[in-house]
1. What FRET efficiency, computed as 1/(1 + (r/R0)^6) with R0 = 51 Å and r the Cβ-Cβ distance, is obtained for Asp167 and Cys214, rounded to the nearest 0.05?
2. For a 25 Å ceiling on Cα separation, which of these pairs sit above it: Lys210/Lys253; Lys138/Lys210; Lys84/Lys247; Lys84/Lys139?
3. Within 10 Å, count the other beta carbons around each residue, average over each peptide in 114-127, 87-100, and list them highest first.
4. Return, ordered by residue number, the residues of the stretch 122-137 whose backbone nitrogen is under 15 Å from a label point located 7 Å along Cα→Cβ of Cys109.
5. Could you tell me the relative contact order of the stretch 189-262? Use alpha-carbon pairs under 8 Å, at least six residues apart, and round to a whole percent.
6. Treating only the Cβ atoms of Lys and Arg (+1) and Asp and Glu (-1) as charged, compute the dipole magnitude of the stretch 82-149 about its Cα centre; round to the nearest 20 debye.
7. Roughly how big is the stretch 189-262's charge dipole about its Cα centre, with Cβ charges of +1 (Lys, Arg) and -1 (Asp, Glu), in debye to the nearest 20?
8. Quick one: which of 233-244, 134-145 comes out on top by average Cβ neighbours within 10 Å, and what's the full order, highest first?
Amino acid sequence: MAGVVGSWGKTRLLLNRGRTGDRSRSSWKGWGSDRTCEAPIDEESLPDIERAWEETVLRNRINTQREQDESDSQAASLIRQIRKRYGPMVYVAVNALVPVCLGCKHTECQWLETQLPQPAISSESWRRDYLNIGIPRKKMREASQSLESGTWRGPECYLCGSVIELDAQGGEGFYLRTVSISEMYSLHRGAGRRAPNWMQEVVLNAFEGKCSGCGIVLAHEQITFDHIIPLSGGGETEIDNLQPMCKRCNQEKKNLSVDQIEHPSLHFPLLPFSAHMLD
């Protein structure tokens, strides 16, 4: 046993020398052996860890920015579809009902030191609960068909992103939370009065390049971006408070009051993805 311990001590010593001494060579001591193997290492063949890390960070930033751009465009188009029903003199607060899983709600209640309430959507009667919160029967049939075909397993928790599984027999219960479209899509905000170029482009595309007032196709020199709720009235430079207008319509709106209403909460986060979320 003493011989084995002694050999391991020599091996560890040689390994440590290889780490702290000459980095271009590696040393290894076999068990109970007096022979040391040294192999040269070509440092130029080793990967540049720092460069690889920088490239990974850059790639992640590009992907994150691309996802945010897509999110902004989706939100702007959705807001535009709803605004068409009300007109340019109305600010529409758009909210959505989002699902929260049992685990996230339990953690939240523990942190707040409150009692865990009953789920808004129960596992045994989620179809009935869906109808009670206003989801049309047509959407219910589409959700059931998606479950049966396996193309959809259930909604994703708004907080953690996990799938809340539903099925013909029932599934998991979950909670509901009302959030604004701005919060749901994490919409970017601009600082100051003038909307940044990227925000102008998103809003103009959502309105198909047309004036929200008179509907004309806007030439470049005619384009203005109107704050539906003026900055002086507490409005902000954000996607859901901007609309493109020709100079004439913007001037006419300038001294008029704006109505503010709240659109009924949207249900699409609880359903399978559809290109026609508002149908």
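1. Numbers: r = 51 Å, r/R0 = 1.00.
Calculated value: 0.50.
2. Numbers: Lys210/Lys253 16 Å; Lys138/Lys210 33 Å; Lys84/Lys247 20 Å; Lys84/Lys139 23 Å.
Violating the 25 Å Cα-Cα cut-off are Lys138/Lys210.
3. Working: 114-127: 14.4, 87-100: 18.3.
Per-residue mean Cβ counts within 10 Å order the peptides as 87-100, 114-127.
4. The answer is 122-123.
5. Working: 91 pairs, mean separation 25.6, N = 74.
Relative contact order, the stretch 189-262: 35 percent.
6. Values: 10 positive and 6 negative charges, 127 e Å.
Dipole about the Cα centre, nearest 20: 600 debye.
7. Details: 8 positive and 10 negative charges, 67 e Å.
Taking the Cα centre of the stretch 189-262 as origin, the dipole is about 320 debye.
8. So the peptides 233-244, 134-145, ranked by packing, come out 233-244, 134-145.
The numbers here are math on the coordinates, done by the rules we state, and not lab data. It should be emphasised that the depicted structure is a prediction, and the values quoted were computed from it without experimental measurement. Don't worry about glycine lacking a Cβ; one is built from the backbone with ideal geometry, like all the others, and counts go over all protein chains shown.
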